[in-house]
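Report on the structure given below.
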Amino acid sequence: MHFSPRTLEDLAFPEVLATLGQRCRTAAGRTRALARSFLDDASAVREALARVDEARALLQAQISLPLGGVADVRGSVERAEKGGLLEPKELTACAQTLFAFTRTREALAERSGLVPRLVFVGQRLPDLEKLAVRIDRCFEADGEISERASPALKEARDRIRGLHRAIKSRLDALLHDEKFLLNLRESYYTLRNNRYVVPVLAQARAEVPGIVHNASQSGQTLFVEPESLVGVGNDLAIAQSVALEEERRVLQELSDAVGRESARILEGVEAAAELDEAEAAAQLGADLASSTPVVEDADGPLVLLALRHPLLVLRGREVVANDVRLEDEVRALVISGPNAGGKTVTLTALGLCAVLLRAGLQIPAAAGSRVPLFTSVHSAVGDAQDIALDLSTFSAHVQELKRILESAGPGGLVLIDEIAADTDPREGAALAIAVLEELLGRGVRVLVTTHLEELKALTHVDRRFLNARVGFDSKRMAPTYKLQLGAAGTSSALDLASRMGLAPHVVDRARDLARGSGGPLAQALAAAEEERRALSEELERARAATAAAEANARALAAERAEFAEQRRAEESAHAERLRVESERALTEVSSQLAELRQQVSVERAEAARAALAAQAEAARSRAEALSRQSARATLAPAPDTLGVGDVVHHLGLRRDVTVLELAGDEVLVSAGALKMRVPRAELAGARDERPQSRFPAADRGRASLARASKAAPAALEAPALRVDVRGMRADEAVREVESFLDQAFRNGDPGVLVLHGHGTGALKQAVREYLEDSPYVRMYRPGESHEGGDGVTVVGLRVDE
């Protein structure tokens, strides 16, 4: 396996590693990413890619490992291992790192089925939470050693505070003595060299016996420790010395504890760096829309789907994706086309994919891509001209070709930009062909860009070569950046010159000269390009016409359906109005009949009522027929073969019924408790394929009970989700809790558990003050005794409406 520094620079691999490092959250992970090594075999590459895939799965699930508290404590731990004394800041960093180890290991354990490889790495994170708690309780939030660290330290500090109070009390008494005040510059006391002093006038020095600790710049004021305070001041100095010695003892004890666990802590930092690097690789893959390719042997097919250059994507450029294939007999790809058309971009993007694969990173191509595990990658990209070394552009290029021929071997990949250019075209083409034949004979895969016609013609005489071209839009006079396999391209130099603003009369003269020059291949390529352009325009016109015709057909079909539905609705509405009017008339006649029965002409009234009733019945029948027709239009037809138990729709009842018995053209159906025989013609496809319940009242009762149970308030129990912020500073803890609540709220979780411990109470207070105003929080309460007591807070989340 060989990747020269020149090749890695040509392909901008260090820039990719820099972007990977920027996505790491720990210093150790960033260091590891910037020095990412290449893997030796296919199994190691597949394992690394599988680890990145698992990190991508966590990313897609919006899960981030709690690695933020991991600090680069390796130097401190190594010093502690040798018996060194760690500063409070170093010890608190160690405690935060150990807490982060615990949180990360627990987070991975909860998702062991989703990320088994990351869980395996996480098992190297040591369980040193007891040591972390011990260190944490020895320090206050500002980094000062806490009195909880040692009873002797608390006793010494209590004595110091008592002596301070005694000295200040005596000084206050002196400052209220009017005779004593006459000897002072001003009525105050201060500290000099950690001793209490008063500002005495220089001429009154003899009136204030004591020790002079300092003087003003003018010498007119002396800072004197009164003689009556010297003894107490000495006691204070001794007490402070005892406290300092006890603090040093505590720091040494904690440092020794860290030193004893140095091997496990260092292994944990390395494991956390691996996890951080995996998450960074997953984030980079997501930003690039990368995928994991199929890893092939060095001689296997090379298939890149929707290939994009990663650096262009990261810079926010609009990138045209291209497919690249080297399969079967094809061993060399000859890319031609206009300048600034994307030839070199395609070349370097492909080489970068080969290098990324060896580094165990996803490639900027679509899923289904296949990449061989090349044993080496060599490149000659860009101008290596060096005046200091007496190298012209061409001689420098030949030096690069020499370097490649000396080291390229079987299973390798060679990338050459503008091979054998900057010299006589005929001799340059001959040299290029000889170099390519030599490389292919050694079993090397080759990609070259060129403007030489002889290289474009190789595909017609040697099946190992395949042409490809980048397109050029003659209408816009600009490249399309689209790669087309199997075709050679023209350089379009004159079109590019015109687009770049070269004087029109110069370009026109160049076109006149070019028409009479060039060999048969150049003329054939130009003719083929013109024919392709005409066919492409004709195809675009045909596609546009087809699309317009299809749109018109869809619009016409929609209008017809809308008209038919509107007509059925109007007919049904008219029939309904007629039925209502007839029933109203029948009601009126029946009312009149009651009056006529008391008269002589009862028989004539009965005849009139019967005639009107017949008219109403006929109108009702017409309305029902129209309603059935409208309903049948909106339902699926009844099955051709009905069976007992089938659910169908009865047009007259306007509801689904169940088939109980078949008897010729009649069917016995049930609608709840109702059974009836109906003609087959009155049945259509069911609105709902599920049979209706035969006990609707019971169903309604159960539904009401379910709604009532759902609406009833439930007691908030300690939830399974928890966030551990022990060992964090207050601002870090609040940010961690806020991020965790945001995730839980979006996941629809009813509540979470916040572990903050007891400590001094500052962390608990900061967390609960944040919860008081958090938009996510419905309520919160201290934990019960079985939940962790006041060292935890149970939080209920709002429901996202």
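The values are calculated or read from the model by the stated rules, or taken from the named source; none is laboratory data. Everything numeric in this text was worked out from a predicted model, so none of it was measured. Glycine gets a Cβ as well: all are built from the backbone with ideal geometry, and neighbour counts include every protein chain shown. The protein model used for the area step is the full one, side chains on, heavy atoms only, and it has no ligands, DNA or RNA in it. Shrake-Rupley method; radii C 1.70, N 1.55, O 1.52, S 1.80 Å.
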Residue within the stretch 340-357 that is modelled with pLDDT of 90 or more, surrounded by 17 or more Cβ atoms within 10 Å (Cβ to Cβ) and in contact with a Gly (Cβ under 6 Å, 6 or more places away or on another chain) present: no
Given (1) among the aliphatic types (A, V, I, L, M); (2) touching a residue at least 60 places away in the same chain (Cβ under 8 Å); (3) more than 19 Å from Ala468 (Cβ to Cβ), index of the condition Ala434 fails: (2)
Given the structure, is Arg159 basic (Lys, Arg), assigned to a loop (DSSP other than H, G, I, E, B), more than 17 Å from Ser255 (Cβ to Cβ) and in contact (Cβ under 8 Å) with a residue 24 or more places away in the chain? no
Tell me yes or no: at least one residue of the stretch 765-784 is touching an Asp or Glu at 6+ places or on another chain (Cβ under 6 Å) and closer than 29 Å to Phe139 by Cβ. yes
Per the list (1) of a type outside the set (Lys, Arg); (2) surrounded by fewer than 17 Cβ atoms within 10 Å (Cβ to Cβ); (3) touching a Leu at 6+ places or on another chain (Cβ under 7 Å), residue check on Thr423 breaks on (3)
Could you tell me which residue of the stretch 668-678 is nearest to the chain's Cα centre (by Cα), considering only residues that are open to solvent by less than 60 Å² (accessible area, probe 1.4 Å) and within 13 Å of Gly652 (Cβ to Cβ)? Ala671
Hey, Val73 hits all of (1) within 21 Å of Cys24 (Cα to Cα); (2) in contact with a Ser or Thr (Cβ under 6 Å, 6 or more places away or on another chain); (3) open to solvent by 10 Å² or more (accessible area, probe 1.4 Å); (4) of a type in the set (A, V, I, L, M) but one; which does it fall short on? (3)
Of the residues that sit in the stretch 271-314 and are within 30 Å of Arg331 (Cα to Cα) and among the acidic types (Asp, Glu), which one is surrounded by the fewest Cβ atoms within 10 Å (Cβ to Cβ)? Asp297
For the stretch 202-222, how many residues are of a type outside the set (A, V, I, L, M), surrounded by 12 or more Cβ atoms within 10 Å (Cβ to Cβ) and part of a helix (DSSP H, G or I)? 2
Only one residue in Glu736, Glu732 is more than 26 Å from Gln60 (Cβ to Cβ), part of a helix (DSSP H, G or I) and among the charged types (D, E, K, R). Which one? Glu732
Output the residues belonging to the stretch 16-37 that are more than 17 Å from Val355 (Cα to Cα) and among the aliphatic types (A, V, I, L, M). Ala27, Ala28
Of the conditions (1) of a type in the set (A, V, I, L, M); (2) at pLDDT 95 or above; (3) open to solvent by 20 Å² or more (accessible area, probe 1.4 Å), Ile265 fails just one. Which one is it? (3)
Residue that is least open to solvent (accessible area, probe 1.4 Å), among those in the stretch 27-70 that are over 16 Å from Val121 (Cα atoms) and β-branched (Val, Ile, Thr): Val45
Could you pull out the residue among Glu186, Glu225 that is of a type outside the set (Lys, Arg) and open to solvent by 20 Å² or more (accessible area, probe 1.4 Å)? Glu186
Residues in the stretch 747-765: is at least one assigned to a helix (DSSP H, G or I), within 30 Å of the chain's Cα centre (by Cα) and surrounded by fewer than 14 Cβ atoms within 10 Å (Cβ to Cβ)? yes
Are there any pairs, at least 6 apart or on different chains, whose C-beta atoms fall under 9 Å, with the first in the stretch 22-43 and over 19 Å from Pro5 (Cβ atoms) and outside any loop (DSSP other than H, G, I, E, B) and the second open to solvent by 80 Å² or more (accessible area, probe 1.4 Å) and basic (Lys, Arg), and if so, which? Gln22/Arg30
Check the stretch 440-456 and report whether any residue there is polar (S, T, N, Q), open to solvent by 10 Å² or more (accessible area, probe 1.4 Å) and over 36 Å from the mean Cα position of the chain (by Cα). no
Are any residues in the stretch 408-437 part of a helix (DSSP H, G or I) and closer than 22 Å to Thr393 by Cβ, and if so, which ones? Pro425, Arg426, Glu427, Gly428, Ala429, Ala430, Leu431, Ala432, Ile433, Ala434, Val435, Leu436
Is the stretch 515-537 home to any residue that is surrounded by fewer than 13 Cβ atoms within 10 Å (Cβ to Cβ), more than 27 Å from Ala306 (Cα to Cα), at pLDDT 65 or above and of a type in the set (A, V, I, L, M)? no
Filter the stretch 321-338 down to the residues that are at pLDDT below 90 and surrounded by 18 or more Cβ atoms within 10 Å (Cβ to Cβ) and list them by number. Ser336, Gly337, Pro338
Just wondering, is there one or more residues in the stretch 7-23 that are more than 30 Å from Val414 (Cβ to Cβ) and crowded, with 16+ Cβ neighbours inside 10 Å? yes
